[in-house]
């Protein structure tokens, strides 16, 4: 269970999050919708301990995240996979080394074993055979798939996705959505997806929330009118 | 190590050639007719060992490495690669900074020695060829007045400067928040701050260890 309790964040005079409350149950896929720049990524980063909130707290199974200067959230990070918006792959490493990195440097798996597991993770997202490529040689969709493989390689309990379908063609978008839904259905992972893609949200979500004026609003079903109203 | 050490060799050697040429000409101009000719060798040797080689090399390396480190790490901040390391349970400071600091701290003394050898060698050649100071006299001036403390003091400064440059490159790179414009600013700050700190520490070392 992930609990977000009255989290607030402002940048200068702009209030981005204003007392956000959220609970994500185990094995649930929650999608947070909202147009670009509304604060979805900020919320995701606060939930991952990458950004400190001005107020409020985030707990994982009752244990609070530490945002201090010498914060050590390694116990959380060994159970968290995070797919960044642009992939955040390391340019100087091959696809295989990128995917093996969390195992080798994070949880200290032997390199030979890490490579085998990384190959399996790549095959799982349909990127088998592309291990020797470098990030600069990948398309946007391939980058996203490699980033997903890297997020999943350590078998995390929770997976966060930041705009996983942004900029993808329809075929690649369907593939990513199937992957997200499959992880919940087959492996029981807890997933949190932030996106502005309505169709993707509908296809993967157990629950959809909309970020509006710094707060989360639950929606039973997403209607384009709701989404459009945000911009006005 | 290769990028920050070996990569700096051509420009360090080029600078060393001109440091050697200019120092020989200036020392000869100041001392000829006032003191024996071998003082030209002494002057060049001690100037290069204590001051010119460590400071010039540090400036060159600061221009290359502090800027490239700040730009590289800043770009990694902007593209969320640093955040990616954090959520992999990897300490990004240790993973990204320690190798860079080690590379500079180890390579700068080597570069300083290269600059010393090239600068003194070039000074010897021009002194013998154009300044009426024979190679034997020049060598005598260097070896007769050689003090190990000068040499090791220069190397000690190189270690310190290496640390300063790498720390600034990493600090300003990690400080980047926002976009590519901020990366440019961080790059400039890393070089300027490194240069100022090199001068400051150079004075401090001179005052503490070479103050008669």
Next item on the list: Report the residue, chosen from B:98, B:160, B:21, that carries the largest GNM mean-square fluctuation when chain B is represented by alpha-carbon nodes joined by springs under 10 Å.
Entry: B:98
Check: If each of residue B:9 and residue A:202 carries a label point 7 Å out from its Cα toward its Cβ, how far apart are those two points in nm?
Finding: 6.4
Next item on the list: Could you tell me what percent of the DSSP beta bridges with both partners in the protein assembly as shown are antiparallel, to the nearest 5?
Entry: 50
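Is the range B:122-171 rounded, prolate or oblate when judged by the Cα gyration tensor, a ≥ b ≥ c being the square roots of its eigenvalues, rounded requiring a/c under 1.5 and prolate requiring a/b larger than b/c?
Values: a/c = 7.67, a/b = 2.32, b/c = 3.30.
Note, shape of the range B:122-171 comes out oblate.
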Notebook entry, point to check: Just the Cα atoms of the range A:34-155: what Rg and Dmax do they give in Å?
Noted result: 15.8, 46
Notebook entry, point to check: Which whole-number value in Å³ per residue fits the convex hull of the alpha carbons of the range B:96-212?
Noted result: 134
Item checked: Likely footprinting exposure, A:171, B:40, fewest C-beta neighbours within 10 Å first -> A:171, B:40
Note to self: With 10 angstrom as the radius, rank B:69, A:1 by how many other C-beta atoms surround their C-beta, starting from the fewest.
What the structure shows: A:1, B:69
Notebook entry, point to check: Give me the log10 of I(q) over I(0) for the range B:60-126 at q = 0.18, 0.20, 0.25 Å⁻¹, as the Debye formula computes it from C-alpha points; what are the numbers?
Noted result: -0.76, -0.85, -1.07
Check: Comparing B:164, B:11, B:48, which has the greatest mean-square fluctuation in the GNM of chain B with Cα pairs linked when under 10 Å apart?
Finding: B:11
Check: Can you pull the Rg over Rh of the range B:25-97, Cα-only, Kirkwood?
Finding: 1.43
Note to self: Could you tell me the relative contact order of chain A? Use alpha-carbon pairs under 8 Å, at least six residues apart, and round to a whole percent.
What the structure shows: 29
Notebook entry, point to check: Cα-based Rg (one decimal) and Dmax (whole number) for the protein assembly as shown, in Å?
Noted result: 29.0, 97
Next item on the list: Can you grab the distance from the C-alpha centre of the range A:150-168 to the C-alpha centre of the range A:31-103, Å, no decimals?
Entry: 10
Check: Quick one: B:65, A:36, fewest Cβ neighbours within 10 Å first, how do they rank?
Finding: A:36, B:65
Next item on the list: Hey, could you grab the Kirkwood Rh for the range A:63-113? Inverse mean 1/r over distinct alpha carbon pairs, Å, one decimal.
Entry: 12.9
Item checked: Contact order relative to length of chain B, as percent, for alpha carbon pairs under 8 angstrom and 6 or more apart -> 37
Notebook entry, point to check: So what is the calculated 222 nm ellipticity per residue for the protein assembly as shown, using -39500 (n - 2.57) for each DSSP H run with n of 4 or more, over all residues, to the nearest 500 deg cm²/dmol?
Noted result: -17500 deg cm²/dmol
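At 4 °C and 1.567 mPa s, what whole-number value in µm²/s does Stokes-Einstein give for the translational diffusion of chain B, with Rh from the Kirkwood sum over Cα pairs? Display every interim value, and only then the final one.
On the way: Rh = 18.3 Å.
Here the translational diffusion coefficient equals 71 µm²/s.
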Check: How well do other chains shield peptide A:84-91, expressed as the mean number of their Cβ atoms within 10 Å of each residue Cβ?
Finding: 5
Check: Roughly how large, in nm² to one decimal, is the mean projection of the convex hull of the alpha-carbon atoms in chain A?
Finding: 12.8
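Values quoted throughout were computed directly from the atomic coordinates according to the rules given, and no laboratory measurement underlies them. Only a predicted model underlies this, so the values are computations on that prediction, with no experimental measurement involved. Note: ideal-geometry Cβ built from the backbone for every residue, glycine included; neighbour counts use all protein chains shown.
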